[in-house]
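Accompanying notes for the structure given below.
The values are calculated or read from the model by the stated rules, or taken from the named source; none is laboratory data. Just so it is clear, the model here is predicted, and its values are computed rather than measured. Ideal geometry is used to build each Cβ from the backbone, glycine not excepted, and the neighbour counts take in all protein chains shown.
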């Protein structure tokens, strides 16, 4: 902090001593002679390598803007060698713009990473920078707008300047409705493709947030949340909430089931919203931080304990004194129930479902670029409530339909105990290899099958229909457990398709019986691992005029593993990508280098597929954020 303060004070004194006469208060007009160096020791032409005096910011980062056409502005910084601008300090807006004129979503170009003594790893620009600024405007004649730019930079290893502000008045030519509306021509991604400056789905959602009607935006995000509720990332929350409802026992009423479900959903929504706003403002995704193996392991242990409680092995409850205290505060409700449900909703949101989908990515990008945490937070909360509606329905109806007492209740609790063990194993798959989790799946299936009577003989003519039904389910579970055991011994990593590896690699095949095995019909894609922005740049430079696919992946990312099993194993997808260089950024450990890679491309987590043309330039319009199945990816590659 002391070093930073010293640099800022030094910069302020330097500005006072060196400011050229007649320089306005941070305002530059288009006619300002930025290209003409001032006379004296600060002249760029006189700034030889032996000079120790840093340049004033007007010369180190000369700023100029222009109206490219009727609906586009361009902001330019001619950054002097030896100086750099901070990426996250660049903010652009229109000041006192005419009615109906506004900036559309702004996409910053890729930046460099730099290790800063005070700030850690940061994103900066060392070379001349040009930013395209699309406009929303109604048809009409010429308009005058004022573009305000705020930015901050440093002289390499010397000092950092205070934040700078520049304002430039620009004249836009007349605009007619048919201007700028023609769709850009694209070519298939799998060929040698040009670099296009069109927007991705993530950027379009960001623009929708910025310019759409607020009520329409909230309704749209609510609907998206309803759809996301049925993705694999949210599925584990259903048995979690259901087990909470079942655990209430004979005292459960429909009203109480609704109130418990509502508390869980509100806590989950509030957590998603808070985590999203924090991620957008500071660039750190709290959900990713909660994928630490120790946290996942501890949460899984909690589910195992809850499951054992469902089996009747012991009863989980708070100490009596604490129960009495919470009971008094809760108006004589069952001690700690609502608090515990809220905590479970909070943890479920952070630990169970850290998936990134286009609406979430677009919202986080909007918050990070605009700083409007209120509007972005409302969209996230609306989406979270939509995700929670099915949970609310299931929790409430469960309170009406579940039996309230007797042996039936014990059987229902045992079923939900098994579901909780399933959730625990699903979480452990994020941090443990298949060689460990598959035997656990085998044990769970075989024990459940045995418990349902798979190995018990039915009395001749005396077995009821229900007993025969349970035995049938038990046999199915037992067989599945055996198949998983065989698959584990054969190298499989999927408990739901344990024999898939045998189909892809037949055990009795040989070069003599089939010497023309097609490598595109077996296995999955092979990716080159990328661990840092430097390694990525080196890989892009060595791609030798080939298009490149960069996959952002993490072991704890449920959708990433789905794409590995469903999408990348598809023979047609592998054939379509046969001429593409495949790179993978594994951000499982969330290191500084991982975070730098994510920040470089304005991503907040996996999964994400990025495409680069033969010149190493990203086609931002071709990005895929979130899960895509084989058919979707094939259609995308052919677009």
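Numbers at a glance
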quantity: Enumeration of residues in segment 99-114 that are at pLDDT 85 or above and either assigned by TED's automatic domain parsing to the domain that holds residue 601 or surrounded by fewer than 19 Cβ atoms within 10 Å (Cβ to Cβ) (or both); calculated: 101, 102
quantity: From 215, 228, residue being out of contact with any helix residue (DSSP H, G or I) (no Cβ under 9 Å at 6 or more places or on another chain), modelled with pLDDT of 80 or more and either closer than 30 Å to residue 139 by Cβ or crowded, with 18+ Cβ neighbours inside 10 Å (or both); calculated: 215
quantity: Any chance residue 328 is part of a helix (DSSP H, G or I) and modelled with pLDDT under 75; calculated: yes
quantity: Subset tally (residues that are surrounded by 18 or more Cβ atoms within 10 Å (Cβ to Cβ), assigned to a loop (DSSP other than H, G, I, E, B) and out of contact with any helix residue (DSSP H, G or I) (no Cβ under 9 Å at 6 or more places or on another chain)) for segment 65-96; calculated: 3
quantity: Selected residue (criterion: modelled with the lowest pLDDT) from residues of segment 199-212 that are crowded, with 16+ Cβ neighbours inside 10 Å and in a loop (DSSP other than H, G, I, E, B); calculated: 199
quantity: Test: residue in segment 172-179 that is farther than 21 Å from residue 381 by Cα, modelled with pLDDT under 85 and not in a loop (DSSP other than H, G, I, E, B); calculated: yes
quantity: For residue 154: the one exception among (1) in a strand (DSSP E or B); (2) surrounded by fewer than 16 Cβ atoms within 10 Å (Cβ to Cβ); (3) touching a residue at least 12 places away in the same chain (Cβ under 8 Å); calculated: (2)
quantity: Positions within segment 529-553 being part of a helix (DSSP H, G or I) and within 21 Å of the chain's Cα centre (by Cα), in sequence order; calculated: 533, 536
quantity: Members of segment 571-587 that are crowded, with 19+ Cβ neighbours inside 10 Å and either in a loop (DSSP other than H, G, I, E, B) or outside the structural domain of residue 538 (by TED's automatic domain parsing) (or both); calculated: 577, 580, 587
quantity: Some residue of segment 282-289 being at pLDDT 75 or above and assigned by TED's automatic domain parsing to the domain that holds residue 425; calculated: no
quantity: Meets criteria (part of a loop (DSSP other than H, G, I, E, B), at pLDDT below 75 and within 25 Å of residue 392 (Cβ to Cβ)) for residue 317; calculated: no
quantity: Segment 115-136, subset assigned to a loop (DSSP other than H, G, I, E, B) and modelled with pLDDT of 85 or more, residue nearest to residue 157 (Cα to Cα); calculated: 126
quantity: Failed condition for residue 588, given (1) at pLDDT 85 or above; (2) in contact with a strand residue (DSSP E or B) (Cβ under 6 Å, 6 or more places away or on another chain); calculated: (2)
quantity: Residues being over 24 Å from residue 426 (Cβ atoms) and surrounded by 20 or more Cβ atoms within 10 Å (Cβ to Cβ) - total across segment 231-262; calculated: 1
quantity: Those residues of segment 102-114 which are in a strand (DSSP E or B) and under 21 Å from residue 176 (Cα atoms), in sequence order; calculated: 102, 103
quantity: Single residue of segment 527-577 satisfying the filter (in contact with a strand residue (DSSP E or B) (Cβ under 8 Å, 6 or more places away or on another chain) and farther than 30 Å from residue 290 by Cβ) that is modelled with the lowest pLDDT; calculated: 543
quantity: Checking residue 483 against (1) surrounded by 15 or more Cβ atoms within 10 Å (Cβ to Cβ); (2) modelled with pLDDT of 85 or more; (3) touching a helix residue (DSSP H, G or I) at 6+ places or on another chain (Cβ under 8 Å), the condition it does not meet; calculated: (3)
quantity: Count of segment 435-480 residues which are assigned to a loop (DSSP other than H, G, I, E, B) and out of contact with any helix residue (DSSP H, G or I) (no Cβ under 6 Å at 6 or more places or on another chain); calculated: 10
